[in-house]
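Right, one structure below, let's go through it.
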Amino acid sequence: MKIKALNHFLHVSCISVALVSCIPTFYYDLQPGEVYVDSNEEGLLPQQGTGITIDIKHILEKKTTKTTPGYSAKLFRYRVFLDGELYSYGINGGDEGTGDIIIPLIANDSYTTKSVIVEGSGSREYFSESSWKNWEVLFEGTQDCLKENEPLRYSGLENKRLRVDIDSTVLYYDFIPGYSAEAFKRFLYDSDTITGECDLSGNRIRIWFKYTSPGLSNIIPQNAVSGNIRKGTIGIDGYHSYLLMDNENWYFSEFTSVGTIEYNSYGNLQLLKKESDNSKKILHKRIAFSLVD
């Protein structure tokens, strides 16, 4: 009986090992499909702004067998030009893959139309940004403008600053020039104040919003860079929003900065960092953003 039991155990074990070793890992190439964008009766993109959606197709290239299931996708990059000026740039893909890419386009607060060009390019290799295919034009269009009798809505925002309230702690930031910060600045102007929740952990504050999912990426067009992001910077990492407290070497593969902390606010930032260091758990706080002079 012991011999039979041993044989049965070995038989089951072999089957289990065989099944585990045959779990597939899928490898996909990401290719652009249609670009969807709203337009008015004249065929122009709305003056008040809209979302540009790039449909991403997952083309299965190969699959392998490993002891754990897996998914990998080549990287896909995109860029958007507004009247010939770079408006947004981002990279999607990797181990987590990507869904459709949605790029928020801000209002055309001027009296002349603007050209809009969307381009895309896929990587040639997995897990690498060293080799890319040539840029391909995915969409060309024109954004409508204000009528002659309509007033400018966003004039006078150039010198506005960002105020961040984390519970009773107040921080002030200077906006970084560019479309990413401009989009956030305009959203704050239209909303007066936006509030949410944040987590303090280690050297960063992760920002959550109940009504914007995911994070601020529905509002802010990405202009992603890779590398060490300096302390005191606020911005988005793909789908999440972060405020960096005290780390000169915090590395991000894709980070879009919208503001840098003012010198006089470093003391309050250090107090938050000290509170985070002294806590044995993640701290949950309320956060609010507003524009100030």
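Which condition from (1) crowded, with 16+ Cβ neighbours inside 10 Å; (2) hydrophobic (A, V, I, L, M, F, W, C); (3) under 30 Å from SER130 (Cα atoms) is the one that VAL225 breaks?
(1)
Pairs, please: C-beta under 6 Å, at least 6 apart or cross-chain, first residue free of Cβ contacts under 8 Å to residues at least 60 places away in the same chain and in segment 134-153, second open to solvent by 40 Å² or more (accessible area, probe 1.4 Å)?
GLU140/ILE117
Please state which one of LEU283, LEU291, LEU243, LEU269 is at pLDDT 90 or above and in contact with a strand residue (DSSP E or B) (Cβ under 8 Å, 6 or more places away or on another chain).
Within the list LEU283, LEU291, LEU243, LEU269, the selection yields LEU291.
Out of the residues in segment 115-136 meeting the condition of being of a type in the set (A, V, I, L, M, F, W, C) and not in a loop (DSSP other than H, G, I, E, B), tell me which one is farthest from LEU45 (Cα to Cα).
TRP132
May I ask you to list pairs of residues, at least six apart or on different chains, whose Cβ atoms are under 7 Å apart, with the first in segment 154-179 being over 19 Å from GLN222 (Cα atoms) and touching a residue at least 12 places away in the same chain (Cβ under 8 Å) and the second being hydrophobic (A, V, I, L, M, F, W, C) and not in a strand (DSSP E or B)?
ILE166/LEU272; THR169/LEU271; THR169/LEU272; LEU171/LEU269
Check segment 33-44 and report whether any residue there is in a strand (DSSP E or B), within 30 Å of PRO177 (Cβ to Cβ), open to solvent by less than 40 Å² (accessible area, probe 1.4 Å) and at pLDDT 80 or above.
yes
Filter segment 157-185 down to the residues that are open to solvent by 70 Å² or more (accessible area, probe 1.4 Å), more than 13 Å from ALA288 (Cβ to Cβ) and among the polar types (S, T, N, Q) and list them by number.
Selection gives ASN159 alone.
Which one is modelled with the highest pLDDT among residues in segment 129-143 that are open to solvent by 40 Å² or more (accessible area, probe 1.4 Å) and touching a Leu at 6+ places or on another chain (Cβ under 9 Å)?
THR142
If you go through segment 67-78 one residue at a time, do you hit one that is in contact with a helix residue (DSSP H, G or I) (Cβ under 6 Å, 6 or more places away or on another chain) and at pLDDT below 85?
Checked against the condition, which is being in contact with a helix residue (DSSP H, G or I) (Cβ under 6 Å, 6 or more places away or on another chain) and at pLDDT below 85, segment 67-78 yields at least one hit.
I need the strands (runs of 3 or more DSSP E) fully contained in segment 144-207, keeping only those with at least 2 residues that are among the aliphatic types (A, V, I, L, M), touching a helix residue (DSSP H, G or I) at 6+ places or on another chain (Cβ under 7 Å) and at pLDDT below 90.
193-201
Could you check, for segment 85-99, whether at least one of its residues is of a type in the set (Asp, Glu) and modelled with pLDDT under 95?
Yes.
Is it the case that THR112 is part of a loop (DSSP other than H, G, I, E, B), open to solvent by 20 Å² or more (accessible area, probe 1.4 Å), polar (S, T, N, Q) and modelled with pLDDT of 95 or more?
Spelling it out, THR112 is indeed part of a loop (DSSP other than H, G, I, E, B), open to solvent by 20 Å² or more (accessible area, probe 1.4 Å), polar (S, T, N, Q) and modelled with pLDDT of 95 or more.
Condition test on ASN223, is it more than 28 Å from ASP38 (Cβ to Cβ), touching a residue at least 24 places away in the same chain (Cβ under 8 Å) and polar (S, T, N, Q)?
Answer is no for this residue.
With the structure loaded, tell me whether ILE219 is under 24 Å from GLN48 (Cα atoms), among the β-branched types (Val, Ile, Thr), open to solvent by 10 Å² or more (accessible area, probe 1.4 Å) and at pLDDT 80 or above or whether it fails that test.
So ILE219 fits the description; yes.
Name every residue in segment 242-293 that is open to solvent by 20 Å² or more (accessible area, probe 1.4 Å), touching a residue at least 60 places away in the same chain (Cβ under 8 Å), closer than 30 Å to GLY156 by Cβ and part of a helix (DSSP H, G or I), in order of residue number.
ASN264, ASN268
The values are calculated or read from the model by the stated rules, or taken from the named source; none is laboratory data. Because the structure is predicted, anything quoted here is derived from the model rather than measured. Note that we place each Cβ from the backbone using ideal geometry, even for glycine, and neighbour counts take in every protein chain shown. For accessibility, only protein heavy atoms count, side chains too; no ligands or nucleic acids. Shrake-Rupley method; radii C 1.70, N 1.55, O 1.52, S 1.80 Å.
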